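The values are calculated or read from the model by the stated rules, or taken from the named source; none is laboratory data. Please read all numbers here as calculations on a predicted model, not as lab measurements. When we count neighbours, we look across all protein chains shown, and the Cβ atoms used for this are built from the backbone with ideal geometry, even at glycine.
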Amino acid sequence: MPPHNIHGAGVGPYELSASFQKTLSLLPNGPRVERFESEGLFDYRLMRTDNDALLLGVGRRNLVTFISVLDPDIARTESGIGVGARVAELIASLGAVRTPEHTVSDPRIVTFTSLPDTRFVVEKGTVVAAVVMGPAHAAEKTQMGNVRDPEEPGEAGEVEVAVPDEVVEEPPENDCISKGFRDRKAEILRLADFGLRSTALLWTCLEDASGEAVVRSGEWLKIIDSPGPGPDAPLRMLAKVRVPGLMFAAALNTGGPNPELYAVSSKVDSKARDIVVTRFKVGNARILPVWSRSAFKLKVSAASWLGAKLGETDFLVELRGRDRLVEVGGFFVQRSGGKLRNIVPVNTVELVDGRPARKPLETPAADAGPEMMDAGAPKTAPIPVP
């Protein structure tokens, strides 16, 4: 009986990698299963339990691949933290924030070293969901505190909810940043001149040996560096660019000597929601796009098959750099009437210099198994290719 325990192997009696039939037998109210698929994005059988507060996803191998917690009272960690908690409570309870090496995530995704297989989804400083899924990449870095949801950019990317000295700092992939440059944070924020807008500050070394500061607010990125040696050398605005629908920016190393600057944006119109990854080149006081490619696309026709409106859908994106390519993964989020309805992992896509390396990395095909449903959860028809 709830509240269930969120643990490394699953949530309460429901375990990752358990068979479809075994998990089905645990459901207290009998079969409640629906097919949830969109070509190229995801393909699951979803089992709902505890008044739809727990969502169990079964992949093509007929095994449970993820469990999503959507309600404050249904499941908590051993220390009593769960949906509804503030970020400060998360950090105080779970300790070091987990940052897998060469991996960057939407700032709304927070993971901890003490519970590495659980992603906490944070909006406006509050946990709205927790997703337990398979092991993440082993190599990682940790940091304490200094994490909160920086902003809710929405489609326009312009929400003024914080003052600059409450800026969220995102750590660099290595220790290339000189201490003298980082100590000039207040000067950097003044030079960026974003006023009262919510701000994120990314430290990186794109081309300058002492490092650069990428300041993000709304749809704008501004890059600031110090061209001269010494702690008193003047700062300069190296470059700036506006990225429509900007969700977050990241410095990601794919195996070269220096990281590269990427931006993830969401473009929404009456026909589709398109998640776009753009790589920028910084040099000669300019910032220029090298390539820009669609990673995930949900057409309005596909959304309607899922019982969703485009305006009530979203993607939480994770990027990982390796072997001169970028892996793009994350989660699809769906709301209904403002209430969180579904949060499911999406298939990983590989991009090489902006071109898909191959088809999305889907879950291996499963043995044929029974497809069960009830009157409250109809089977979803196959979705046309978006």
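Specify which of the listed residues (Glu39, Glu34) is touching a residue at least 12 places away in the same chain (Cβ under 8 Å), under 23 Å from the mean Cα position of the chain (by Cα), surrounded by fewer than 22 Cβ atoms within 10 Å (Cβ to Cβ) and under 30 Å from Val328 (Cβ atoms).
Only one candidate passes the filter, namely Glu39.
Please work out which residue is nearest to the chain's Cα centre (by Cα), limiting yourself to the stretch 339-363 and to residues that are at pLDDT 85 or above and in a loop (DSSP other than H, G, I, E, B).
Only one residue fits best here, namely Val346.
Identify all residues within the stretch 259-305 that are on the phi > 0 side of the Ramachandran plot and of a type in the set (S, T, N, Q); write none if there are none.
The answer is Asn284, and nothing else.
Given (1) at pLDDT 50 or above; (2) crowded, with 19+ Cβ neighbours inside 10 Å; (3) in contact with a Leu (Cβ under 9 Å, 6 or more places away or on another chain), where does Pro107 come up short, assuming only one miss?
The one condition Pro107 does not meet is (3).
Would you pick out the residues in the stretch 60-73 that are surrounded by 22 or more Cβ atoms within 10 Å (Cβ to Cβ) and either on the phi > 0 side of the Ramachandran plot or part of a loop (DSSP other than H, G, I, E, B) (or both)? Before you say what the answer is, go through the steps one by one.
Kept after step one, since they are surrounded by 22 or more Cβ atoms within 10 Å (Cβ to Cβ), are these residues of the stretch 60-73: 64, 66-70.
Once the filter is applied, which keeps residues that are surrounded by 22 or more Cβ atoms within 10 Å (Cβ to Cβ) and either on the phi > 0 side of the Ramachandran plot or part of a loop (DSSP other than H, G, I, E, B) (or both), the stretch 60-73 yields only Leu70.
Select from the stretch 1-17 the residues that are assigned to a loop (DSSP other than H, G, I, E, B), more than 15 Å from Thr77 (Cβ to Cβ) and of a type outside the set (Ser, Thr, Tyr) and list them in ascending order. Give the derivation first.
Taking the stretch 1-17 and keeping what is assigned to a loop (DSSP other than H, G, I, E, B), we get 1-3, 8-9, 12-13, 16-17.
Of the ones still in play, those that are also more than 15 Å from Thr77 (Cβ to Cβ) are 1, 13, 16-17.
Scanning the stretch 1-17 gives Met1, Pro13, Leu16.
Only one of these conditions is not met by Val282: (1) modelled with pLDDT of 90 or more; (2) part of a strand (DSSP E or B). Which number is it?
(1)
Could you tell me which residue of the stretch 101-135 is nearest to the chain's Cα centre (by Cα), considering only residues that are more than 19 Å from Val64 (Cβ to Cβ) and of a type in the set (Asp, Glu)?
Among those residues, the one meeting the criterion is Asp106.
Each row is one residue, and each column tells you yes or no for (1) at pLDDT 85 or above; (2) within 23 Å of Trp291 (Cα to Cα).
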| position | (1), (2) |
| --- | --- |
| Glu169 | no, no |
| Arg184 | yes, no |
| Leu238 | yes, yes |
| Leu252 | yes, yes |
| Asn258 | no, yes |
| Ala272 | yes, yes |
| Thr278 | yes, yes |
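For Gly321, are the conditions met, namely being under 18 Å from Leu252 (Cβ atoms) and either small (Gly, Ala, Ser) or within 17 Å of the chain's Cα centre (by Cα) (or both)? Step through it out loud before you land on a result.
On the way: under 18 Å from Leu252 (Cβ atoms): yes; either small (Gly, Ala, Ser) or within 17 Å of the chain's Cα centre (by Cα) (or both): yes.
Against the criterion (under 18 Å from Leu252 (Cβ atoms) and either small (Gly, Ala, Ser) or within 17 Å of the chain's Cα centre (by Cα) (or both)), Gly321 qualifies.
If I ask for residues that are over 25 Å from Ala263 (Cβ atoms) and surrounded by fewer than 19 Cβ atoms within 10 Å (Cβ to Cβ), which ones from the stretch 296-320 would you list?
Ser301, Ser304, Trp305, Gly307, Lys309, listed by residue number.
Within the set of pairs 6+ apart or on separate chains, which have a first residue in the stretch 178-195 that is among the aliphatic types (A, V, I, L, M), a second that is surrounded by 12 or more Cβ atoms within 10 Å (Cβ to Cβ), and C-beta atoms under 6 Å apart?
Close Cβ pairs (under 6 Å, with a partner that is surrounded by 12 or more Cβ atoms within 10 Å (Cβ to Cβ)) amount to Ile188/Ala213; Ile188/Ile224; Leu189/Pro164; Leu191/Ile224; Leu191/Leu235; Ala192/Val215; Ala192/Lys222.
With the checklist (1) surrounded by fewer than 21 Cβ atoms within 10 Å (Cβ to Cβ); (2) hydrophobic (A, V, I, L, M, F, W, C); (3) touching a strand residue (DSSP E or B) at 6+ places or on another chain (Cβ under 7 Å); (4) farther than 25 Å from Pro116 by Cβ in hand, flag the one item Ala9 doesn't pass.
(4)
Mind checking which pairs have a first residue in the stretch 72-84 that is without any contact (Cβ under 8 Å) to a residue 40 or more places away in the chain and a second that is in a loop (DSSP other than H, G, I, E, B), Cβ under 6 Å, 6 or more apart or different chains?
Pro72/Val83; Pro72/Gly84
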